[in-house]
Amino acid sequence: MKIGVIDLGSNSIRLVIYEYVDQQLNKLLNFKHQGKAVLFIKDNKMSDEGIEAIVSSLKQLVFMAKIYALDEFRIFATASLRNIDNSEETVAKIEHQIHHKVEVLSDEEESLFGFDAILRNEDLPISGLTIDIGGGSMEIIYFKNRKALYSTSIPVGSLSFATKFVDEVIPTEEEQAEMRKFIRSHYENLPWLKAIQVDTVIGIGGTSRGMFKMNKELDLEKNGSLKYESVATIANLGYEASKQIINAVPDRLMTMLPGAIMIDELMQLVLADEFRASKMSVREGYIYNRILNNYEQ
């Protein structure tokens, strides 16, 4: 069967088409629009301009999805629509114009779907953390013996983080110091996070994969994972590294370093010395839980 999902995020809107054969979920196509919905939020409300931009992107992606004669097609949103004060009104306006339901995931669902996708497809250490950095939020899970024991969603993502602290494009040393202080305070407000120590942090999403593209550009390590020292090197880059960031992750020029700082501060807090990037995402977890569970039962 062919399955299509549109992931309406704060940083981008993405249509991904999969084929499900022999209990394997294989990615066929991936179309991305740079939505940056978070930039249209004023006083924690989505503006009419933002709704128009989202609708424009969705109409194009829905049209593309119809071409592929999908067996299942869903649209879901995360922090982009969840964390705004006019969420219900915005969703209703979008649905009315695109003639399709948009499901807004709770923060718990977003956290657990990403973890479930990893659990089904990748080997895990005995214990560790997963971190999923989106444009407008970040989900963290502590797992042990393949079970999620603690999870949280922090309403700070790489794009909203950059927008809040960075005047130009690349954060200055002073801005980086303020960013570190801010995100560290969020982490330290979680008693369970302060109390644990793990060796491994597993990243989900484009920011985490971007860390490995930066690693390749900087020629830091040849391994499949990054040591903390390499993470810290990336997270402490400044304006002088602009060309290298453009070479490695041109679509993340504004968000790469803010995301790296989030990872760096988390690894420092839990004394982790290894960072991995998962190939999975909340999209695969969504498909397993919302669509395939009905077929597998």
Give me the extension gain from Leu29 to Trp192: residue separation times 0.36 nm, minus the current Cα-Cα distance, reported in nm with one decimal. 54.8 nm
Between the range 217-282 and the range 92-138, how far is it from one alpha carbon centroid to the other, in angstrom? 21 Å
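Over 30 Å between C-alpha atoms is what I'm after, so list which of Lys45/Lys181; Lys59/Lys222; Lys42/Lys181 land there. Before the final figure, lay out the partial values.
Values: Lys45/Lys181 26 Å; Lys59/Lys222 42 Å; Lys42/Lys181 25 Å.
Over 30 Å Cα-Cα: Lys59/Lys222.
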Violations at 19 Å Cα threshold for listed pairs Lys66/Lys101; Lys27/Lys227; Lys27/Lys213 -> Lys27/Lys227; Lys27/Lys213
Apply the Karplus curve 6.51 cos²θ - 1.76 cosθ + 1.60, θ = phi - 60°, to the phi angles in the range 8-25 and return the couplings in whole Hz, x for Gly and Pro. 8, x, 6, 9, 7, 10, 10, 9, 10, 10, 10, 10, 9, 9, 6, 6, 10, 9
Would you mind computing, in nm to one decimal, how far apart the modelled labels at Asp273 and Ala69 are, each placed 7 Å from Cα along Cα→Cβ? 5.6 nm
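When you count, for each residue, the other Cβ atoms within 10 Å and take the mean per peptide, how do 7-17, 113-123 rank with the highest first?
Values: 7-17: 23.5, 113-123: 19.1.
Final packing ranking: 7-17, 113-123.
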Taking the Cα centre of each part, how many Å lie between the range 1-36 and the range 54-74? 10 Å
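Would you please give the FRET efficiency between Asn289 and Asn223, computed as 1/(1 + (r/R0)^6) with r the Cβ-Cβ distance and R0 = 35 Å, to the nearest 0.05?
Details: r = 32 Å, r/R0 = 0.92.
That gives a FRET efficiency of 0.60.
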Have a look at the DSSP beta bridges in the chain and tell me what percent are antiparallel, nearest 5. 70 percent
Entry for Cα extents along the principal axes in Å (calculated from the structure that is shown) out of [x] 47, 43, 37; [y] 47, 41, 40; [z] 80, 70, 39: [x]
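Among rounded, prolate and oblate, which fits the range 123-277 when a ≥ b ≥ c are the square roots of the eigenvalues of its C-alpha gyration tensor, a/c under 1.5 means rounded, and a/b larger than b/c means prolate? Don't skip to the answer; put the middle values down first.
Details: a/c = 1.89, a/b = 1.32, b/c = 1.43.
Oblate, since a/c reaches 1.5 and b/c is not below a/b.
Please list 236-245, 102-111 highest first by mean number of surrounding beta-carbon atoms within 10 Å per residue.
Ranking, from highest mean packing down: 102-111, 236-245.
With +1 on each Lys and Arg Cβ and -1 on each Asp and Glu Cβ, how big is the dipole of the range 2-105 about its Cα centre, in debye rounded to the nearest 20? Provide the component values of the computation, followed by the final result.
Numbers: 13 positive and 14 negative charges, 59 e Å.
So the magnitude is around 280 debye.
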Which whole-Hz couplings ³J(HN,Hα) result when phi for each residue of the range 49-55 is put into the Karplus expression 6.51 cos²θ - 1.76 cosθ + 1.60, θ = phi - 60°, listed in order with x for Gly and Pro? 4, x, 4, 4, 5, 5, 4
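Could you work out [θ]222 nm for the chain from helices alone, using -39500 (n - 2.57) per DSSP H run of at least four and dividing by all its residues? Round to the nearest 500 deg cm²/dmol.
Numbers: 13 runs with 132 residues, N = 297.
It lands at -13000 deg cm²/dmol.
Since every read-out is calculated from the coordinates, none of them should be taken as a lab result. Just so you know, these numbers come straight off a predicted model, no measurement behind them. Note that we place each Cβ from the backbone using ideal geometry, even for glycine, and neighbour counts take in every protein chain shown.
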